[in-house]
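Following: one structure in structure tokens, then a few remarks.
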Amino acid sequence: MSLKRPASELEDSDRDKRPNKRPAFDFGAFLSSSLQPLPKTATDLYKNGALRITRTPGRLEERVNTVALDEIILHEYLNSVFVASFYIEDDYFFKFFPLKEPNFTNDGRAILSHDSTRYRPSCKVYISRDINMDSCWPRPSGNNGTTSPLSDAQFASAVEHSQKMYQNAYGANFVACYPRMKAGCSHSKIMLLEHSQFLRVVITSANMMKLDTELGDNQWFIQDFKRLPNILPKSKYSSFETRLWEHAKALAAPTAFIDSLAGRFDFSTAKGTLVISQPKNLSTRPFAQDENAFGIFRMKQAVKQIFKKQSSQLSFEICSASLGHLRKEVVQNFLDALGAPDCTLTERRLKFVFPTRTNVQQSLLGEEGACNVSCHTRWSALDEATRESLHSSFYQYRSCDPMRPLFHLKSILALDETGFPAYIYVGSANFSINAWGSASSPRKAPSNMECGIIVEGSRITSMVESSNWETILPYTRPCKELLYTDADRAWVTHAYSIDETTSETRDMDARKLLDELSRVIPGLKGIFGNANPDRQTIMEFAMHLQSPPENSHWVY
């Protein structure tokens, strides 16, 4: 079984065989130019809301409608921070926050690290992630050396251990938070950045890692909410605020932190509608009793608020880094929720923007940078008509950045009959049942934690820095030139490929796939225990639990 080949094992001859060999990329020059300090201003730059894309290497000169992480965080003026992400590259990401001197042991070594870059935040920093994606705690093992799923007691012990480890390294202001996931994964990507005069809310498709925040195409919703002179009673909270704090609580944000912000900012100005996914065991009243509060059911509800009546003329562009098994009924359920219940695959109103293997090989980082992009559709399991209709709905991913980065988008763009946006979804949810749940009989609630936002088309032009609304999309729009040929196949990550020359892995039973991957990824099977995860959930964890190649700081 082969996972991705480490960059160090690629011979020069192998690199030369890649089609359209990419120009040399100078990482040092990129870092020095992309992390220039900003003018020290703490104005609410995004008070009217903004839709941005990542400022990738080829966009450093033309910065219209692009953004960099340091510009978003504005660390000089932060009062407190809450960040949730599926994967967090600690040493890279934490450097963006307000930092004091490193914490050293008595013999002069920086705690938890051989290097001296472990700095302490000067304000409260709350970091939420799935505990299975945090490498700082030792997973419990059975007598045979295999890992087991965490009991409640083990989870509590692991949280306590991890929190102490981080506070020893970063000080008392650093608080590690871990939602108690029973199934699925904590996949939301959100930042709450408190400044003295406003709260900045950031919802994105990017994991907090260099591959996503600098070297890959991603989308960002950013809005600053003005601090109120008086605290609002809970009965006056907007729907946006109520849902925001509900999700922050589910992501294990401390109650004291939520209470310090709730009712203190004017969320009535929100430029979008929150669409949250979370398991019922992490939901509180009234959401736990509301079947339409989360996932695909919440999406349908939100779209209905935009359109007072169903629109049969909508068409869709879906660009998601991970695609689930696209059975006909799954696609139709999504189309119903998205506001086009009468739309079918044969009408060609649904377009998936997704890379082929050739697209990946010609991209900025090649196959090494595509480990978190994969299509999980079992094509041979589809009937012939569905398979042909679905294949003819796929278009190649081509970044507008001339250096051709890949992406980690989870974008759903709905277009009206004139081709203008009806709405856009930006957030963390991939196109899968785990992320959204299912409206098929029997109904299934989402198993993942996800956070996204729908922005109505009428608001988009005021939220971009260009007169062209298409600058919210980092890719070339679907066209005849990019339509898949009969020979094109959607990219499947190497972590998912046991034998690339056959279709064995694509059609493999989920349990067998888990057994095969567990041979080379220690601890993977123990995450699920006796649960029956589907193939996409297995791959979400497998793709990120792999260790990066030695001396390679961007491959995950």
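Details
- Restricting the first member to the range 509-521 and to residues that are at pLDDT below 70, and the second to residues that are of a type outside the set (A, V, I, L, M), the beta-carbon pairs closer than 7 Å and six or more apart or on different chains are 521/546.
- Restricting attention to the range 184-227, the residues that are on the phi < 0 side of the Ramachandran plot and either of a type outside the set (A, V, I, L, M, F, W, C) or part of a loop (DSSP other than H, G, I, E, B) (or both) add up to 28.
- Filtered residues of the range 56-92 (kept if surrounded by 19 or more Cβ atoms within 10 Å (Cβ to Cβ), touching a residue at least 40 places away in the same chain (Cβ under 8 Å) and over 22 Å from residue 244 (Cβ atoms)): 56, 57, 59, 65, 68, 87, 89
- Scanning the range 438-450 for residues that are surrounded by 24 or more Cβ atoms within 10 Å (Cβ to Cβ) and of a type in the set (A, V, I, L, M) turns up just one, 449.
- Qualifying residues in the range 171-183 (those that are of a type in the set (A, V, I, L, M) and assigned to a loop (DSSP other than H, G, I, E, B)) - the one least open to solvent (accessible area, probe 1.4 Å): 181
- Flag for residue 435 being among the aliphatic types (A, V, I, L, M) and either part of a loop (DSSP other than H, G, I, E, B) or surrounded by fewer than 24 Cβ atoms within 10 Å (Cβ to Cβ) (or both): no
- Number of positions in the range 311-348 that are farther than 22 Å from residue 491 by Cα and of a type in the set (Val, Ile, Thr): 2
- Residue pairs meeting the criteria (Cβ under 7 Å; at least 6 apart or on separate chains; first among the charged types (D, E, K, R), in the range 223-244; second open to solvent by less than 30 Å² (accessible area, probe 1.4 Å) and in a helix (DSSP H, G or I)): 241/267
- Where residue 357 falls short, out of the listed (1) buried (at least 19 other Cβ atoms within 10 Å of the Cβ); (2) in contact with a Phe, Trp or Tyr (Cβ under 9 Å, 6 or more places away or on another chain): (1)
- The range 379-400: number of residues that are touching a strand residue (DSSP E or B) at 6+ places or on another chain (Cβ under 7 Å) and either open to solvent by 40 Å² or more (accessible area, probe 1.4 Å) or not polar (S, T, N, Q) (or both): 5
- Cβ-Cβ under 7 Å pairs, at least 6 apart or on other chains, the range 159-177 side within 17 Å of residue 122 (Cβ to Cβ), far side open to solvent by less than 20 Å² (accessible area, probe 1.4 Å) and of a type in the set (Gly, Ala, Ser): 166/176
- Matching option when the condition is open to solvent by less than 20 Å² (accessible area, probe 1.4 Å) and in contact with a Pro (Cβ under 8 Å, 6 or more places away or on another chain), among 453, 460: 460
- Residue list for the range 337-352, restricted to those being among the aromatic types (Phe, Trp, Tyr) and without any contact (Cβ under 8 Å) to a residue 24 or more places away in the chain: none
- Annotation for the range 155-170: no member residue is in contact with a Lys or Arg (Cβ under 9 Å, 6 or more places away or on another chain), more than 23 Å from residue 45 (Cα to Cα), open to solvent by 10 Å² or more (accessible area, probe 1.4 Å) and not in a helix (DSSP H, G or I).
- Residue check: residue 383 meets all listed conditions (1) farther than 23 Å from residue 130 by Cα; (2) at pLDDT 95 or above; (3) acidic (Asp, Glu) but one, namely (2).
- The one condition from (1) out of contact with any Leu (no Cβ under 8 Å at 6 or more places or on another chain); (2) small (Gly, Ala, Ser); (3) surrounded by 24 or more Cβ atoms within 10 Å (Cβ to Cβ) that residue 419 does not meet is (3).
- Condition check for residue 242: at pLDDT 95 or above and open to solvent by 10 Å² or more (accessible area, probe 1.4 Å): yes
The values are calculated or read from the model by the stated rules, or taken from the named source; none is laboratory data. Model, not experiment: these values are computed from the prediction. In this analysis, Cβ positions are derived from the backbone assuming ideal geometry, glycine residues included, and neighbour counts consider all displayed protein chains. Side chains are part of the model used for accessible areas, which takes the heavy atoms of the whole protein and leaves out ligands, DNA and RNA. Shrake-Rupley method; radii C 1.70, N 1.55, O 1.52, S 1.80 Å.
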